[in-house]
Amino acid sequence: MSTDELWQNFLRIAQEELGSRVVDTWFRAMQPVSWDSRKLTFLLRAPNTFVKKWVTSHYNDFLRAQFARLLSEQSLHVLIEEQSVAASSNDHSAKDIITLTPARALTSGVYPSLLEPKRRRSTKVAPSSAQLTVRDKNDFFQEDLVERFRFDTFVDGPSNTLAFSAAQAVTEHVGSLYNPLFIYGGSGLGKTHLLHAIGNTVKQAGSRARIVYQSADQFVNEFIGAIRKNKVAEFEQCYRAVDVLLMDDVQFISKKEQTQEAFFRVFNLLHQAGKQIVFTADSLPCDIVGLAERVRSRLEGGLIADIQVPSLETKIAILQKKAEMQNYVLEDDVAYFIASTPCSSVRELEGLLIRVVAFAALMKQPLTVGIAGKALSQLKDTRKECSTGLAGIARFIAKKFNYTVRDFRSARRNKDLVIARHVAMYLMKQRTSFSLRDIGLFFERKDHTTVINAIHNIEDRCKKDADFAEQLAQIEEDFVSYDVRSGTQKPQSV
């Protein structure tokens with residue numbers, strides 16, 4: 001296998017397990033250089049120090065596992081050199097090597113300063129703020145406001161009245177009241193709707209303010225791209241031109257030290273200039289793990305408003321508002337029936353309504369409680385199956401390893417718990433028809449890559465450890481005679 005073929009195989013695996021964003025941002029920025037079968041060393045080239053350090057500290061374990069698997073070697077090394085260093089020297093220090101044997105991750109976190117002289121642009125050639133406005137559609141701002149997200153399409157209720165009122169007040173006193181405004185709450189409760197409503201209201205008022213809606217995830221990726229392209233100065237200059245910054249899901253900058261540095265500077269630039277800043281997150285600033293104290297204090301410096309799960313009455317009002325927007329009549333009893341179905345977000349509630357309306361249309365029946373019951377009955381059965389199937393397997397494995405399901409869902413990562421958690425995920429995939437995403441959600445993980453890695457880890461361990469493989473086989477055999485409902489072993493037939 002050639003070096004290029006090996007690298008392409010690695011990229012395909014990374015795409016499947018880590019997603020296209022990680023591959024496009026980090027791995028495709030690098031180049032394979034050579035594979036030395038005598039020294040068992042695979043050489044990669046990074047475009048700059050930042051990419052090299054990031055890949056080393058964040059993807060150490062992944063590189064270690066995948067190259068070992070692809071090359072069928074027990075022990076080998078991955079060496080990462082910088083583009084500039086490669087041009088002048090072939091001497092690589094030991095600290096640049098990722099050893100493909102069990103070892104702690106290299107997490108020094110020492111990155112070059114964003115403002116180091118070589119990255120600065122001369123003031124004589126730097127673009128002016130007039131040249132870098134939002135309307136120029138430059139490299140850094142790519143998302144527009146959603147017109148249907150307005151205040152008149154948002155249902156105000158006891159669960160969100162503070163956030164709703166504060167958002168409206170911000171549009172009447174841009175930059176001078178509740179700055180910053182921080183709105184927090186669970187997924188699908190209307191935080192993004194309020195952000196767009198603020199932007200749309202300011203825009204429709206005839207203001208010439210330059211408005212930017214942006215997710216924190218987008219901010220992170222754009223900042224990384226700016227570093228890779230040596231455009232940090234332009235990145236920050238663009239934000240100087242912003243009058244209203246609406247940033248969604250700000251929790252995604254947590255545990256990203258260099259990004260938080262850039263965020264801190266952008267925040268100070270805008271706040272000191274009296275520009276309006278509105279953030280949303282899934283929790284209070286004090287509860288966001290991995291947030292620098294000075295960033296946390298900035299987020300807490302204005303008004304903090306929460307959005308809770310809506311009450312039954314608010315759910316009914318939301319359903320009727322959604323129906324009105326789609327130009328059909330939703331009777332009170334049908335709205336009550338749908339609203340009574342357990343759900344934890346407005347987004348999920350809207351999904352239930354769409355399901356009922358679609359079912360009635362396909363059956364060519366009027367929208368009644370009976371039709372709604374038939375439309376949602378299969379969904380309830382699926383949820384019941386999920387709660388007994390996945391939860392039953394989780395309880396079974398937890399009992400085997402002397403843990404609890406709560407332990408499985410926690411962020412704890414001690415070795416024995418991780419093994420037990422991975423076994424549970426593996427068995428769920430083997431014994432149920434639920435998707436990787438369903439399994440990940442059961443364990444309160446945000447994406448399915450955790451489940452993919454767990455399954456691969458169990459499969460790899462079975463190949464290398466005969467005792468573990470035998471133990472796993474016994475666990476699977478015991479599960480066949482396990483009653484998930486009662487939590488006991490079924491009697492063996494004679």
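The values are calculated or read from the model by the stated rules, or taken from the named source; none is laboratory data. The structure displayed is predicted, hence computed values, not measured ones. When we count neighbours, we look across all protein chains shown, and the Cβ atoms used for this are built from the backbone with ideal geometry, even at glycine.
Under 6 Å by Cβ, and 6 or more places apart or on different chains, what pairs join a residue from region 284-303 that is in the same structural domain as His271 (by TED's automatic domain parsing) with one that is hydrophobic (A, V, I, L, M, F, W, C)?
Close Cβ pairs (under 6 Å, with a partner that is hydrophobic (A, V, I, L, M, F, W, C)) amount to Pro285/Leu299; Val295/Phe264; Arg298/Phe267; Leu299/Phe182; Gly302/Leu181; Leu303/Ala166; Leu303/Leu181.
Condition first: of a type in the set (Val, Ile, Thr) and either assigned by TED's automatic domain parsing to the domain that holds Ser345 or out of contact with any strand residue (DSSP E or B) (no Cβ under 8 Å at 6 or more places or on another chain) (or both). Now tell me which residues in region 194-219 satisfy that. If you could, list the steps in order and put the result at the bottom.
Going through region 194-219, the residues of a type in the set (Val, Ile, Thr) turn out to be 198, 201-202, 211-212.
Across region 194-219, the qualifying residue is only Thr201.
From Lys191, Lys231, Lys255, grab the single residue that is at pLDDT 85 or above and either in contact with a Pro (Cβ under 7 Å, 6 or more places away or on another chain) or outside the structural domain of Cys343 (by TED's automatic domain parsing) (or both).
Numbers: Lys231 fails: at pLDDT 85 or above; Lys255 fails: at pLDDT 85 or above.
Residue meeting the stated conditions: Lys191.
Filtering region 425-442 down to residues that are modelled with pLDDT of 75 or more and over 22 Å from Leu18 (Cβ atoms), which residue is surrounded by the fewest Cβ atoms within 10 Å (Cβ to Cβ)?
Gln430
Among (1) hydrophobic (A, V, I, L, M, F, W, C); (2) modelled with pLDDT under 80; (3) in contact with a helix residue (DSSP H, G or I) (Cβ under 7 Å, 6 or more places away or on another chain), there is one condition Ile97 misses while meeting the rest; what is its number?
Result: Ile97 passes all but (3).
Which of (1) free of Cβ contacts under 8 Å to residues at least 40 places away in the same chain; (2) under 35 Å from the mean Cα position of the chain (by Cα) is the odd one out, the single condition Tyr328 does not satisfy?
The number of the failed condition is (2).
Take the residues in region 264-291 that are surrounded by fewer than 17 Cβ atoms within 10 Å (Cβ to Cβ) and among the aliphatic types (A, V, I, L, M); name whichever of them is farthest from the chain's Cα centre (by Cα).
Ala273
Would you say Phe42 is among the hydrophobic types (A, V, I, L, M, F, W, C), in the same structural domain as Glu81 (by TED's automatic domain parsing) and either touching a Gly at 6+ places or on another chain (Cβ under 7 Å) or not in a helix (DSSP H, G or I) (or both)?
On the way: among the hydrophobic types (A, V, I, L, M, F, W, C): yes; in the same structural domain as Glu81 (by TED's automatic domain parsing): yes; either touching a Gly at 6+ places or on another chain (Cβ under 7 Å) or not in a helix (DSSP H, G or I) (or both): yes.
Considered against the rule, which asks whether it is among the hydrophobic types (A, V, I, L, M, F, W, C), in the same structural domain as Glu81 (by TED's automatic domain parsing) and either touching a Gly at 6+ places or on another chain (Cβ under 7 Å) or not in a helix (DSSP H, G or I) (or both), Phe42 comes out as yes.
If only one of Leu349, Leu330, Leu353 is at pLDDT 85 or above and not in a helix (DSSP H, G or I), which one is it? Explain how you work it out, then say what you get.
On the way: Leu349 fails: not in a helix (DSSP H, G or I); Leu353 fails: not in a helix (DSSP H, G or I).
So the residue among Leu349, Leu330, Leu353 that is at pLDDT 85 or above and not in a helix (DSSP H, G or I) is Leu330.
So in region 367-404, with the set limited to residues that are modelled with pLDDT of 80 or more and among the β-branched types (Val, Ile, Thr), which one is surrounded by the most Cβ atoms within 10 Å (Cβ to Cβ)?
Within region 367-404, the first condition is being modelled with pLDDT of 80 or more, and the residues that meet it are 367-376, 390-404.
Narrowing further to those that are among the β-branched types (Val, Ile, Thr): 368-369, 371, 393, 397, 404.
Numbers: Thr368: 15, Val369: 15, Ile371: 18, Ile393: 27, Ile397: 23, Thr404: 13.
Checked region 367-404; the qualifying residue surrounded by the most Cβ atoms within 10 Å (Cβ to Cβ) is Ile393.
Just wondering, is there one or more residues in region 260-267 that are farther than 28 Å from Arg208 by Cα and of a type in the set (D, E, K, R)?
Start the filter on region 260-267 by keeping residues that are farther than 28 Å from Arg208 by Cα, which leaves 260-261.
This time we only want the ones that are of a type in the set (D, E, K, R), so: 261.
Within region 260-267 (the criterion being farther than 28 Å from Arg208 by Cα and of a type in the set (D, E, K, R)), the answer is yes, since at least one residue qualifies.
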